[in-house]
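J.: First the structure, then my questions, so here it is.
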Amino acid sequence: MRQPEPAIDTSPSIGDEVKTTTCYMCACRCGIKVWLKDGQIRYIQGNPDHPVNQGVLCAKGSAGIMQHYSPARLDKPLLRVGERGSGEFREIEWDEAMDIAASWLKPIRERNPDELAFFTGRDQSQALTGWWAQQFGTVNYAAHGGFCSVNMAAAGLYTVGGSFWEFGEPDWDHTQYLMLWGVAEDHDSNPIKLGLGKLKARGAKIVAVNPVRSGYGAIADEWIGIRPGTDGLFAFALIHELLNADRIDLDYLVRYTNAHWLVVDDPGGAEDGLFARDLEGHPLCAIDSHRFARANDTGIAPRVVGEYTLRDGRRAVPAFHLVAQRYLDPQYSPDAVSERCGIPADTIRRIARELAEAAFDRAFKLPIAWTDAWGREHDSMQGRPVSMHAMRGISAHSNGFHTCRALHVLQMLLGAVDAPGSFRYQPPFPKPLPPPNRPGKARQANGVLDAAPLGFVHGPEDLVVDEAGAPRRIDHAFSWAYPLSAHGMMHTVIRNAWAGDPYPIDTLMMFMANMSWNSSMNTAQTIAWLTDKRDDGEYRIPRIIYADAYASEMVAYADLVLPDTTYLERFDAISLLDRPISDADGAADAIRHPVLDSAKQREGRDVRGFQSVLIDLGARIGLPGLTNEDGSPKYRDYADYIVRHERAPGVGLLAGWRGAHGEVEAKGQPNPQQLQRYIDNGGFWRSEVPEDARYFKMANRGYLDWAQKMGFLGHADPIVLQLYSETVQKFRLAAQGHGAVQPPDEHRERVATYFDPLPMWYEPFEGEQTTREDFPLSAVTQRPMFMYHAWGSQNAWLRQIATRNWLYLHPDTAARHGIRDEDWIEVTSHHGTITVQAKFAANVQPDTVWTWNAIGKRRGAWKLGKDAPEGREGFLLNHLISDITPRGDYANADPVTGQAAWFDLRVRIARSAPKGGAVKESSPQFAPLAMGEASDAPLRYGAQFRAKREETSS
């Protein structure tokens, strides 16, 4: 007789409670389910209902447990009692900390708000922090985008009204050919993985353009190991070939871009290079040699090439004529650019053919009826199954703005912007070109800035400069040196604050910005600036307030430290006003909410979410938007602000469940139960774009009307894509002596050179101002898929994957320099020398060396053991990167946007010749920070659950 099978629970519960929220282990912002047991985290898994990751979760997300339980968490507010950098603090209570901060900031606002410089790192709450700075009245605010991605954002928003990064995506369901340009694995990673899986399943081709083959490039069908900083040349050679072969989409260009708009050709004239317009300001196009029409009229067949004489006698040519004239030039032929790019000419020609074949020979139509912005009805949507995606690899160069623009021009020529199968906008994009919000620069009677400190310049008149044309911002953003610096320039603030350029500041307030280590160029000098004193013994940067959740390197250099919560202990808004989580088929936003009580996580720990601290601080110093008429606080905390604050009537931080009872979306009065509705829905809200409005969003009547209703657009006019940028040309004209606002003489040549209305290529500044003989190699970093910036690389579980980095070089490169695998070598730039350990890797372009970013740590930081490999053998390339050009005349940055040029670095390498024995650690080494004792014992988590289970079972 068979014995009955034992009852086995094949799906045991891993906790006694589960809560849904949003991950913060990278910028992807995936939905997660946090399993709790006895008030502690038991497990983190992906939320299968969430629109971003659909249940997929990476190593970083799963390791959020150890991020929350990190020994490096700060416990209490800290007031410096020793010298800056000594790590000598005393713990204080929050009332004292807030009183001190308010006593510093209130007098600043009363006498000159610009004496506060407020700069934030990767905080994902710029919809609050930028608004707070506006209320304070300081122009000196920026977020981290200036040293990260502003070339990508600005080039896209000034060209196609959207951008790569997290604001657009390939059409994963229809594309047949995907080019990844400079894409790392740290942003938008899970959606990209899901999408790449679709492409691989149906045999679509993936081409990775990157000096290093890692991550997504490792699964690409073809890797093009390009030389850093030459992506724009490669793009121009592809354009050259497409134009030569007449493989472009002229119908698309005329319908959706300014290809046919007439450009005035009047050298020396005040309107040279501007669009010809009628008396009402409408741009003109040519119908034939004598007839002109408004360029946006329907039912016309405009000319796209040729020379025309306007009625006032001036000459004009269509914008496309200028495009063809420039890129058909032999200097952009594959043979001409091959050597500099490191790509065989035949490969360039083949890639161009493949792009054309995918776009035109494999074209398709979706049987979806739609109406365009001019009222014309269409029974289908023309597809161009070619997609592109790009990231920091192409933007972090001093020529990055024009390179990013070059990619968008390539897309437009193929008809591959928001067509089925191509790059697609994610709501709230596209935006008008340029977006309407200009940077604030004047204060109202109540001290509030007339607009947010960051925005989009439309012309020289919008620059934040004084009457002499000198910068008014401490970072020199929106000045003649870096006019379109839409994200500010965080990488220049410490040097300029130290130098008092253009004026001294009183207080530097920063959040999640590790500027004394991996978030700065010229790290050693940055540390010196933070600690330098005047002749009277006072610090040249008088006060530093810093907020962070962890004992990072920057904490040691603060005067007042405000301890932040972990992401599992606070409310956050992932807002459509900031960095939304939309996809191409739907608008979406999300929240984080406390799944754990910060007061119960560790004895003696008393931390507060920085957003709530900022709101409290604003009320204490009487900021208009944060106080009621009687002076009382307007908001209880950040959660209250999320619910009740309105940026415009009916528009708040969150779009879901608005209205008194949650009955409307996007626009409506505040709903007291809004946050609970989000929690009940898994932490997110999503609204589908109507089916007939999902493509050609820039000119789709269904989308434009829907976007206006949702509050994404102020009007429903079509958005014309800009092959040729009149905005950029306005600056060139100013440099040539035209207009009421002109640059100072020292900037004229620079502006005239780099403000080209068509994308251009020039040698990155470090390469131009040094020699290949002295520095024959490029050096770049890659972001590992398993870590995200410094705070991820202190995570105990992720450290098991890597606790130190190497300098990777191709075996052929090593042979040329007499270097063996794992040799210690010296790496030298024009700025300095570091000693690191080399390792062979064939996944790199032979004229390039590379390493993982931000793994190297300063000893004493992050509560790592005193002999942790990150501090002993790990290193940063930052020590080799100057914050200014080799000539010393400008920041090491793009001349258009001010984007930090991290990847322009040029180096030479040689075997290290140590004195007195073998090298055993990297250099430079700094004195360990005295940030408290760190245990050398292994850090484990979860054993307590097993012990309790065994105790219960026995």
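The values are calculated or read from the model by the stated rules, or taken from the named source; none is laboratory data. Just so it is clear, the model here is predicted, and its values are computed rather than measured. Positions of Cβ are backbone-derived with ideal geometry, glycine not excepted, and every protein chain shown enters the neighbour counts. Surface areas here come from the heavy atoms of the whole protein model, side chains and all, with no ligands, DNA or RNA. Shrake-Rupley method; radii C 1.70, N 1.55, O 1.52, S 1.80 Å.
J.: In vacuum, with every alpha carbon of the range 384-507 counted as one equal point scatterer, what does the Debye formula give for log10 I(q)/I(0) at q = 0.15 Å⁻¹? Two decimals, please.
T.: -0.85
J.: For the chain, what is the percent of antiparallel DSSP beta bridges, rounded to the nearest 5? Walk me through the intermediate numbers first.
T.: Values: 70 of 109 bridges.
In the chain, approximately 65 percent of DSSP beta bridges are antiparallel ones.
J.: Moving to a separate point now. At 222 nm, what value in deg cm²/dmol follows for the chain if DSSP H runs of at least 4 each add -39500 (n - 2.57) and the sum is divided by all its residues, to the nearest 500? Intermediate values should be presented prior to the final figure.
T.: Working: 26 runs with 231 residues, N = 954.
Calculated at 222 nm, the ellipticity per residue is -7000 deg cm²/dmol.
J.: Seen from all sides and averaged, what is the projected area of the convex hull of the Cα atoms in the range 84-181, in nm²? Don't jump to the answer; show the numbers that get you there.
T.: Working: hull surface 43.5 nm².
Over every viewing direction, the Cα hull of the range 84-181 projects on average to 10.9 nm².
J.: Obtain the nm distance between the two label points defined at GLU933 and THR309 by a simple spin-label model: each point lies 7 Å from its Cα along the Cα-to-C-beta direction.
T.: Reported label-point gap for GLU933 and THR309 is 9.1 nm.
J.: Something else: Sorting check: for 644-650, 370-376, 557-563, which peptide has the highest mean count of neighbouring beta carbons within 10 Å, and how do the rest follow?
T.: Going by the mean number of other Cβ atoms within 10 Å, highest first, we get 557-563, 370-376, 644-650.
J.: Let me ask something else. Any chance you could get the radius of gyration and Dmax over the Cα atoms of the range 13-147, in Å?
T.: Calculated on Cα positions, Rg and Dmax stand at 19.8, 60 Å.
J.: Give me the one-decimal Kirkwood hydrodynamic radius in Å for the range 724-835, with the sum taken over alpha-carbon pairs.
T.: 18.9
J.: Taking Cα pairs under 8 Å and at least six residues apart, what relative contact order does the chain come out at, in percent?
T.: 17
J.: Can I ask one more? Calculate, for the chain, the solvent-accessible area per residue in square angstrom, rolling a 1.4 angstrom probe over the heavy atoms of the protein chains.
T.: 35
J.: Take the alpha carbon atoms of the chain, find their radius of gyration, then divide it by 2.2 N^0.38 Å using N residues; give the quotient.
T.: Dividing the Cα Rg of the chain by 2.2 N^0.38 Å gives 0.93.
J.: Ok, one more. Under a straight-distance cross-link criterion of Cα-Cα below 17 Å, which lysines are reachable from LYS857, leaving out those fewer than 8 residues away in the same chain?
T.: Leaving aside lysines fewer than 8 places away in the same chain, those within reach of LYS857 are LYS866, LYS920.
J.: Going by average Cβ density within 10 Å per residue, which order do the peptides 798-805, 589-596, 398-405, 143-150 take, highest to lowest?
T.: 398-405, 143-150, 589-596, 798-805
J.: Which one of LEU36, ASN671, GLN134 is farthest out on the positive end of the charge dipole of the chain, using unit charges on Cβ (Lys, Arg +1; Asp, Glu -1) and the Cα centre as origin?
T.: Result: LEU36.
J.: Let me ask you something else. Report, ordered by chain and residue number, the lysines lying within cross-link reach of LYS709, taken as a straight Cα distance under 28 Å and ignoring same-chain residues fewer than 8 apart.
T.: Of all the lysines, those that pass the test against LYS709 - Cα under 28 Å, at least 8 places apart if same chain - are LYS431, LYS667, LYS697.
J.: A follow-up question, please. Straight-line reach only, C-alpha to C-alpha below 22 angstrom: list the lysines that LYS600 could link to, leaving out same-chain residues fewer than 8 apart.
T.: LYS19, LYS33, LYS37, LYS76, LYS863, LYS948
J.: Compute the whole-percent fraction of alpha carbon pairs in the range 9-80 spaced more than 14 Å apart.
T.: Tail fraction, whole percent: 63.
J.: Based on alpha-carbon centroids, what's the gap between the range 527-606 and the range 265-330 in Å, whole number please?
T.: 51
J.: Moving on. Which of rounded, prolate or oblate describes the range 281-397 when judged by the alpha-carbon gyration tensor and an a/c cut-off of 1.5? Walk me through the numbers on the way to the answer.
T.: Values: a/c = 2.34, a/b = 1.26, b/c = 1.86.
Because a/c hits 1.5 or more and a/b fails to exceed b/c, the range 281-397 counts as oblate.
J.: Counting pairs of alpha carbon atoms under 8 Å apart in space and at least six apart in sequence, what relative contact order in percent does the range 670-730 give?
T.: The normalised contact order for the range 670-730 reaches 20 percent.
J.: With an 8 Å Cα cut-off and a minimum separation of 6 or more residues, compute the relative contact order for the range 1-53 in percent. Each step should come with its number before you reach the end.
T.: Numbers: 77 pairs, mean separation 15.1, N = 53.
With pairs under 8 Å counted, the relative contact order is 28 percent.
J.: Same structure again: In what sequence, highest mean first, do 423-431, 757-765 appear when ranked by Cβ atoms within 10 angstrom?
T.: 423-431, 757-765
J.: Where does the charge balance sit around ARG311 when Lys and Arg score +1, Asp and Glu -1, over other residues with C-beta under 13 Å from its C-beta?
T.: Net charge in that neighbourhood comes out at +2.
J.: Once each part is reduced to its C-alpha centroid, what is the distance from the range 209-251 to the range 664-723 in angstrom?
T.: That distance is 34 Å.
J.: Compute the signed sum of charges (Lys and Arg +1, Asp and Glu -1) over the other residues within less than 14 Å, Cβ to Cβ, of ALA930.
T.: With Lys, Arg at +1 and Asp, Glu at -1, the net is +3.
J.: For the range 364-388 and the range 31-51, write down the distance between their C-alpha centroids in whole Å.
T.: If you average the Cα positions of each part, the centres end up 41 Å apart.
J.: Moving to a separate point now. Tell me, what is the FRET efficiency for ASP346 and ALA815 to the nearest 0.05, using R0 = 30 angstrom and their Cβ-Cβ distance as r?
T.: 0.70
J.: If you place +1 on the Cβ of every Lys and Arg and -1 on the Cβ of every Asp and Glu, how big does the dipole about the Cα centre of the range 743-809 come out, in debye to the nearest 20?
T.: So the magnitude is around 700 debye.
J.: First obtain the Kirkwood hydrodynamic radius of the range 233-292 from its Cα pairs, then insert it into the Stokes-Einstein equation at 25 °C and 0.890 mPa s, and state the resulting D in µm² per second as a whole number.
T.: In µm²/s, the coefficient rounds to 178.
J.: What's the long-distance tail for the range 671-790, i.e. % of Cα pairs beyond 24 Å? Intermediate results must be reported in sequence, preceding the final value.
T.: Values: 4813 of 7140 pairs.
Value for the range 671-790 (Cα pairs over 24 Å): 67 percent.
J.: Also: What full-extension length gain, to one decimal in nm, is calculated for VAL18 and ASP501 as 0.36 nm per residue of separation minus the Cα-Cα distance?
T.: 168.7 nm
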